[in-house]
Amino acid sequence: MVNPSVLRSLRSAVACGSSFLARRGYSSDAIPERKVAILGAAGGIGQPLSLLMKLNPHVSRLSLYDIAGTPGVAADVSHINTRSEVAGYQGEDELGKALEGSDVVIIPAGVPRKPGMTRDDLFNINAGIVKSLCNAIAKYCPNALVNMISNPVNSTVPIAAEVFKKAGTYDERKLFGVTTLDVVRAKTFYAGKAKVPVSEVNVPLVGGHAGITILPLFSQASPKANLGDDDIKALTKRTQDGGTEVVEAKAGKGSATLSMAYAGALYADACLKGLNGVPDVVECSFVQSGVTELPFFASKVRLGKNGVDEVLGLGPLSDYEQQGLDSLKSELKASIEKGINFANKN
């Protein structure tokens, strides 16, 4: 005979799980099985990102990979009482197992930015890491959606595209540069200046993911606020320099890891919703694009069952934003070409 207290505990656990799913509008039977792999899961971004993805009800299997330290991260995260099963993989020999069957692959792997280091300084280190990981993705999960976090995103996304093209697996709908942190910052800074609830704020962001290539479109922000030109310029500058602000505040002991993990989890959640057929999922992302003459560009995209359903246009720009757009193109073009050249040099 089962102890009555055990029965009460089981009923309580089931009730908690049911309410957890109900708050998100899903029943347990309605959620498809989805595997998410995180490459670089033991790093500064990877660990909090692993935690946040373990909390996501769309994930049924969570695969954590890094060159070292992953078994401990996986063991820790696996104790959390949410839906997904967690597996940790360590070292290049286990990369294939980590990737097989993945629906979404998130790549925060690489070294972080340090004081005095530009995103361009990161290139030679992180480009090789990204190229190697993308070769494995092409082999073991060629149909997965790939969310690129590793910087410099303006170059690593073109590197990934070239690797996939060489492997014959490239689908432009399934490769994304995650610019969500720029959007998150723009929303936060705008809400503070406009004195509106941040949960109600929306700010489109276009261009790229470094310095002046980051162009928040505050003229299209909602709710509308009567901000002066100087305020808009200051908000734009702070959004562009958000990463540097964090690096300096941490006094050389880290970069924007926690906020980046949050932004990465937000974008992965949007991708999963799109895969699962949730309608009207629109986020900003750095993708192959015809919005400008540049081959890759960040703008709003509509996500669906195959990744990008539609790349949306820029909308009306203020004179200040048009100047910003004109100014960013040469730098963004150079970063894209640098990635393409790196991918093709061997």
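So the values come out like this:
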item: Unique residue being in a helix (DSSP H, G or I), open to solvent by less than 70 Å² (accessible area, probe 1.4 Å) and in contact with a strand residue (DSSP E or B) (Cβ under 7 Å, 6 or more places away or on another chain) when the list is 157, 146, 163; result: 157
item: Of all residues making up segment 221-249, the number that are open to solvent by less than 50 Å² (accessible area, probe 1.4 Å), out of contact with any helix residue (DSSP H, G or I) (no Cβ under 9 Å at 6 or more places or on another chain) and in contact (Cβ under 8 Å) with a residue 12 or more places away in the chain; result: 1
item: Candidates 155, 150, 84, filtered to the one that is farther than 26 Å from residue 336 by Cβ, of a type in the set (S, T, N, Q) and in contact (Cβ under 8 Å) with a residue 24 or more places away in the chain; result: 84
item: Hits in segment 87-96 (condition: in contact (Cβ under 8 Å) with a residue 24 or more places away in the chain and under 20 Å from residue 131 (Cα atoms)); result: 89, 90, 91, 92, 94, 95, 96
item: Residue list for segment 283-307, filter: surrounded by fewer than 23 Cβ atoms within 10 Å (Cβ to Cβ), within 21 Å of residue 32 (Cβ to Cβ) and aliphatic (A, V, I, L, M); result: none
item: Per-region count, segment 76-93, residues farther than 12 Å from residue 40 by Cα and either basic (Lys, Arg) or touching a strand residue (DSSP E or B) at 6+ places or on another chain (Cβ under 7 Å) (or both); result: 7
item: Residues located in segment 126-143, provided they are among the β-branched types (Val, Ile, Thr) and either buried (at least 21 other Cβ atoms within 10 Å of the Cβ) or touching a strand residue (DSSP E or B) at 6+ places or on another chain (Cβ under 6 Å) (or both); result: 130, 137
item: Residue in segment 250-262 that is in contact (Cβ under 8 Å) with a residue 12 or more places away in the chain and touching a Ser or Thr at 6+ places or on another chain (Cβ under 8 Å) present; result: no
item: Residue match in segment 105-125 (condition: touching a strand residue (DSSP E or B) at 6+ places or on another chain (Cβ under 6 Å) and either open to solvent by 10 Å² or more (accessible area, probe 1.4 Å) or not in a strand (DSSP E or B) (or both)); result: yes
item: Enumeration of residues in segment 161-182 that are under 21 Å from residue 43 (Cα atoms) and either without any contact (Cβ under 8 Å) to a residue 40 or more places away in the chain or of a type in the set (Phe, Trp, Tyr) (or both); result: 176
item: Residues located in segment 166-176, provided they are of a type outside the set (Phe, Trp, Tyr) and either more than 19 Å from the chain's Cα centre (by Cα) or open to solvent by less than 10 Å² (accessible area, probe 1.4 Å) (or both); result: 166, 167, 168, 169, 175
item: Test result for residue 278, of a type outside the set (Lys, Arg), open to solvent by 40 Å² or more (accessible area, probe 1.4 Å) and without any contact (Cβ under 8 Å) to a residue 12 or more places away in the chain; result: yes
item: Failed item, numbered, when residue 313 is tested on (1) in contact (Cβ under 8 Å) with a residue 24 or more places away in the chain; (2) surrounded by fewer than 17 Cβ atoms within 10 Å (Cβ to Cβ); (3) part of a loop (DSSP other than H, G, I, E, B); result: (1)
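Let's see how each residue does on (1) within 25 Å of residue 297 (Cβ to Cβ); (2) under 18 Å from the mean Cα position of the chain (by Cα):
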position: 102; (1), (2): no, yes
position: 107; (1), (2): yes, yes
position: 111; (1), (2): no, yes
position: 116; (1), (2): no, no
position: 161; (1), (2): yes, yes
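This table checks each residue for (1) under 30 Å from residue 277 (Cβ atoms); (2) of a type in the set (A, V, I, L, M).
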{"site": "80", "(1), (2)": "yes, yes"}
{"site": "87", "(1), (2)": "yes, yes"}
{"site": "101", "(1), (2)": "yes, no"}
{"site": "104", "(1), (2)": "yes, yes"}
{"site": "120", "(1), (2)": "no, no"}
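The values are calculated or read from the model by the stated rules, or taken from the named source; none is laboratory data. Nothing here was measured: the structure is a model prediction, and the numbers come from that model. Here the Cβ is made from the backbone with ideal geometry for all residues, glycine too, and neighbour counts use every protein chain on show. Ligands, DNA and RNA are excluded from the accessible area calculation, which covers all protein heavy atoms including side chains. Shrake-Rupley method; radii C 1.70, N 1.55, O 1.52, S 1.80 Å.
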